[in-house]
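> Sending over a structure as structure tokens; questions will come in a sec.
The values are calculated or read from the model by the stated rules, or taken from the named source; none is laboratory data. Everything numeric here is computed off the predicted structure, so don't read it as measured data. Ideal geometry is used to build each Cβ from the backbone, glycine not excepted, and the neighbour counts take in all protein chains shown.
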């Protein structure tokens, strides 16, 4: 399966299928002029499973250097970014060479940011290996690292040259990581497609979901493609992809990016957003109940403690502007609502509807 993302001067394909990692060099040949050198960035968990397959394929077309970083959100930092610069320069990379991100959202974000800045920009190919990265973070060109002030506060918009999503990699995901990815899948149903929401909800097991992984990844990527083509730089429509992320990012920062995964935090954030929408009279009554039931069904967190201090950190959210913040709510399942609020009022209501430490 293949999707074409049609952004002016930055068009690229998303290739989706089972057991296609071994052919990654062939897809790169089709996407761009062959590089002399390829820097493959991955983490310790993914390296043990897929690095050999990917590197053996890529060695057919270029000299390859593999960089293996620790797994986890804390890797998305200035320190490891600096390490990547050292690896690139010691490898003798030039602007015609290529970076490959092999892994989940952390590796994809970090490698994408690295590629966008090293030598003022080299091509990057995203090879996502988690459900979350296949349906969301690998597509659309958002790159970032975390800093002490918050998540993704330093980053760039930098489209990949190609995305290769091998859905067979989902079979090796730990249960928690698979559930975490489902949060982003649920998000797409919430903001865009009620029938897709219902279809995911009808699955009774992980096996059922894995069996329809190609369709799930394709549907989510197609929704994101449509949004990003209209708003590449996140100034209007693309903000809807942040449904659940405002409160979610508060959770991640409050728990030092280790207590909850990104998907777990977003799951909780979607419940908070729907509670907020119902309280404001914007979201159809009963929506929170539907989302809450689905979150629980897939073993995602629905009640997380946050302090007043944690909630006040919302002023650093990227969607805040002056005294206002753009909050992504729902009219109902499948229909989004971009709502402007006074930031202080938003924080006040959050403190009323969020569990307190």
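> Quick check on residue 245: is it in contact (Cβ under 8 Å) with a residue 24 or more places away in the chain and farther than 24 Å from residue 286 by Cα?
Details: in contact (Cβ under 8 Å) with a residue 24 or more places away in the chain: yes; farther than 24 Å from residue 286 by Cα: no.
No: the conditions fail for residue 245.
> Let me ask something else. Going by the conditions given, is residue 291 closer than 21 Å to residue 194 by Cβ and touching a strand residue (DSSP E or B) at 6+ places or on another chain (Cβ under 9 Å)?
Details: closer than 21 Å to residue 194 by Cβ: yes; touching a strand residue (DSSP E or B) at 6+ places or on another chain (Cβ under 9 Å): yes.
Yes: the conditions hold for residue 291.
> Have a look at 322, 248 and point out the one that is in contact with a helix residue (DSSP H, G or I) (Cβ under 7 Å, 6 or more places away or on another chain), modelled with pLDDT under 95 and either assigned by TED's automatic domain parsing to the domain that holds residue 223 or closer than 17 Å to residue 180 by Cβ (or both). Explain how you work it out, then say what you get.
Numbers: 322 fails: in contact with a helix residue (DSSP H, G or I) (Cβ under 7 Å, 6 or more places away or on another chain).
Matching residue, one of 322, 248: 248.
> In the list 79, 72, which residue meets the criterion of being surrounded by fewer than 18 Cβ atoms within 10 Å (Cβ to Cβ) and without any contact (Cβ under 8 Å) to a residue 24 or more places away in the chain? I'd like the intermediate steps shown before the answer.
Details: 72 fails: without any contact (Cβ under 8 Å) to a residue 24 or more places away in the chain.
Sole residue among the options that is surrounded by fewer than 18 Cβ atoms within 10 Å (Cβ to Cβ) and without any contact (Cβ under 8 Å) to a residue 24 or more places away in the chain: 79.
> State whether one or more residues within the stretch 23-37 are modelled with pLDDT of 95 or more, in contact with a helix residue (DSSP H, G or I) (Cβ under 8 Å, 6 or more places away or on another chain), in a strand (DSSP E or B) and surrounded by fewer than 21 Cβ atoms within 10 Å (Cβ to Cβ).
Within the stretch 23-37 (the criterion being modelled with pLDDT of 95 or more, in contact with a helix residue (DSSP H, G or I) (Cβ under 8 Å, 6 or more places away or on another chain), in a strand (DSSP E or B) and surrounded by fewer than 21 Cβ atoms within 10 Å (Cβ to Cβ)), the answer is yes, since at least one residue qualifies.
> Looking at the stretch 67-180, what strands (runs of 3 or more DSSP E) fall wholly within it and have at least 1 residues that are out of contact with any strand residue (DSSP E or B) (no Cβ under 9 Å at 6 or more places or on another chain) and either over 30 Å from residue 214 (Cβ atoms) or at pLDDT 95 or above (or both)? I'd like the intermediate steps shown before the answer.
Values: elements: 98-103, 123-128, 142-147, 150-157, 162-166.
In the stretch 67-180, the matching strands (runs of 3 or more DSSP E) lie at 150-157.
> Could I ask something else about it? Consider residue 8 carefully, then state whether it is farther than 30 Å from residue 74 by Cα, outside any strand (DSSP E or B) and under 23 Å from the mean Cα position of the chain (by Cα).
Working: farther than 30 Å from residue 74 by Cα: yes; outside any strand (DSSP E or B): yes; under 23 Å from the mean Cα position of the chain (by Cα): yes.
Yes, satisfied.
> Specify the residue that is surrounded by the fewest Cβ atoms within 10 Å (Cβ to Cβ); the eligible residues are those in the stretch 232-272 that are in contact with a strand residue (DSSP E or B) (Cβ under 7 Å, 6 or more places away or on another chain) and assigned to a loop (DSSP other than H, G, I, E, B).
233
> Any chance you could count how many residues in the stretch 275-306 are buried (at least 18 other Cβ atoms within 10 Å of the Cβ), in contact (Cβ under 8 Å) with a residue 60 or more places away in the chain and within 23 Å of the chain's Cα centre (by Cα)?
Matching residues across the stretch 275-306 total 5.
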